[in-house]
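Engineer: Provided herewith is a single structure, encoded as structure tokens, for subsequent inquiry.
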């Protein structure tokens, strides 16, 4: 019963976002153009590092492009479905208008997480698919159907992790007032998800696999699509993501317990 | 002119106030410092890439020198004025700044400069250690390059600060100028030599990077510091950098003046 109610609620929130988004059709066009441009710019460092050179950690330029594809896709999810809602939470905490959300008869985390979607970010997904097509044409083969299914499942896992990390960042907003620099920090770290995490060695490899799971977000789905991911790694990734989500939920609960309405 | 000299007189006090403010918001400053340590990640990445074969004239030692210098330059010249201004303009707290008999940009600049000693506290030891490990012979200790580097550093700070002021002033007419800032950052990331030394770009992109102002905020001082550019080229670049800085400063001041006229303090 509650599940149906939350699904209906999600539908309503999506419809409102779509209606709002239709007001800004120019933004859609501009954003699409910029996404394509940034995808090109983002590939430059990889091109310099890998194209026409010996592979690094087993990654050639074409294979690394698959990672870039997942990065672009996930960036679209981040900017379209995760970021917009959660950024507005910070403002509401500062101004005290989070009260209105907390008063509503539904889970607060659900409400703040679905408050706003920017549907034109779907362009990112289209660009990502374009990158995949290019990469696999250059590799001269098509991915196996099972690999596609596994990589899509890992994409769901990656989204869960990304969302959980964001919930953790937002929870910090209950303690510190300004988050500009925290979100900037997160974005600059996330930018390195463009690179296969297995290029890194030593300390950085461990950091980006276990502490800030960039490997899980883009490298594993890419390896799955290329058909080189060990099933054990995929299972562990799923388990790790669920643990991460539980942790984020617990921290959010604690944080919201500390909330004392600002202003009048 | 008297307003200017009055501001200069007040500057030491403003710096002291800014330093106290930076000390008070230590957590924020720490996050801030972490954001500017991204060259360390780039360093790890590129040394791993260069292990199999050097790229151009960049081997592991050159990459270390480059990114350490980038870390130092970024720490000493960075500015987040855009966020500061966005918040002040939107919340109306700008009116308090406008009440003071000193141009608000002066006060902002003092706050920015005063935080630099604290930032240097973190980055200089890290950079010094990494450089010692990589072999410091690339650094030019001769007085002439050092003088050029100092001038380039100041020019980079001015260019950065006034670009931020210019983008921040857009908040007077737009709801928030952070979207424009994101765009600027994306350009900066690639064309300032923050992620890759510009020298390694494909030729067409290198030409674009040479024309755009981004490289004068980071790559140029870095190249001078680690001796990648000769004295003649460095002097020419320095002239271009200061010309860019002057033009940006003039535009920012104009935009500020035009914007303040539209400003109707909300709340307060």
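The values are calculated or read from the model by the stated rules, or taken from the named source; none is laboratory data. Quantities reported herein were computed from a predicted structural model and do not represent experimental measurements. No Cβ is skipped: glycine too gets one built from the backbone with ideal geometry, and neighbour counts run over all protein chains shown.
Engineer: Among B:120, B:70, B:110, which is assigned to a helix (DSSP H, G or I) and under 23 Å from residue B:250 (Cα atoms)?
Structural biologist: On the way: B:120 fails: under 23 Å from residue B:250 (Cα atoms); B:70 fails: under 23 Å from residue B:250 (Cα atoms).
Result of the check over B:120, B:70, B:110: B:110.
Engineer: Pick from B:72, B:55: which is at pLDDT 80 or above and away from chain A (no Cβ under 12 Å)?
Structural biologist: From the options B:72, B:55, the qualifying one is B:72.
Engineer: A follow-up question, please. Mind counting the residues in the range B:183-204 that are farther than 29 Å from residue B:57 by Cα and either more than 9 Å from chain A (Cβ to nearest Cβ) or in contact with a strand residue (DSSP E or B) (Cβ under 9 Å, 6 or more places away or on another chain) (or both)?
Structural biologist: Within the range B:183-204, the first condition is being farther than 29 Å from residue B:57 by Cα, and the residues that meet it are B:183-184.
Pick out the ones that are also either more than 9 Å from chain A (Cβ to nearest Cβ) or in contact with a strand residue (DSSP E or B) (Cβ under 9 Å, 6 or more places away or on another chain) (or both) and you get B:184.
Total meeting the criteria: 1.
Engineer: Could you please give the count of residues in the range B:27-52 that are more than 7 Å from every other protein chain (Cβ to nearest Cβ) and surrounded by fewer than 16 Cβ atoms within 10 Å (Cβ to Cβ)?
Structural biologist: Residues meeting the conditions: 2.
Engineer: Mind listing whichever residues of the range A:92-108 are in contact with a helix residue (DSSP H, G or I) (Cβ under 9 Å, 6 or more places away or on another chain) and either surrounded by fewer than 18 Cβ atoms within 10 Å (Cβ to Cβ) or not in a helix (DSSP H, G or I) (or both)? Write out each step before concluding.
Structural biologist: Within the range A:92-108, the subset in contact with a helix residue (DSSP H, G or I) (Cβ under 9 Å, 6 or more places away or on another chain) is A:92-94, A:97-102, A:104, A:106-108.
Listed by number, the residues that qualify are A:94, A:97, A:99, A:100, A:101, A:102, A:104, A:106, A:107, A:108.
Engineer: Let me ask another. (1) part of a helix (DSSP H, G or I); (2) farther than 30 Å from residue B:30 by Cβ: which one isn't true of residue A:163, the others all being true?
Structural biologist: Against the list (1) part of a helix (DSSP H, G or I); (2) farther than 30 Å from residue B:30 by Cβ, residue A:163 comes up short only on (2).
Engineer: Please find, among B:258, B:264, B:245, the residue that is in contact (Cβ under 8 Å) with a residue 60 or more places away in the chain, under 26 Å from residue B:172 (Cβ atoms) and surrounded by fewer than 13 Cβ atoms within 10 Å (Cβ to Cβ).
Structural biologist: Checking each option against the conditions leaves just B:258.
Engineer: Name the residue, out of A:199, A:206, that is over 15 Å from the mean Cα position of the chain (by Cα), within 14 Å of chain B (Cβ to nearest Cβ), surrounded by 20 or more Cβ atoms within 10 Å (Cβ to Cβ) and modelled with pLDDT of 85 or more.
Structural biologist: Details: A:206 fails: surrounded by 20 or more Cβ atoms within 10 Å (Cβ to Cβ).
Only one candidate qualifies: A:199.
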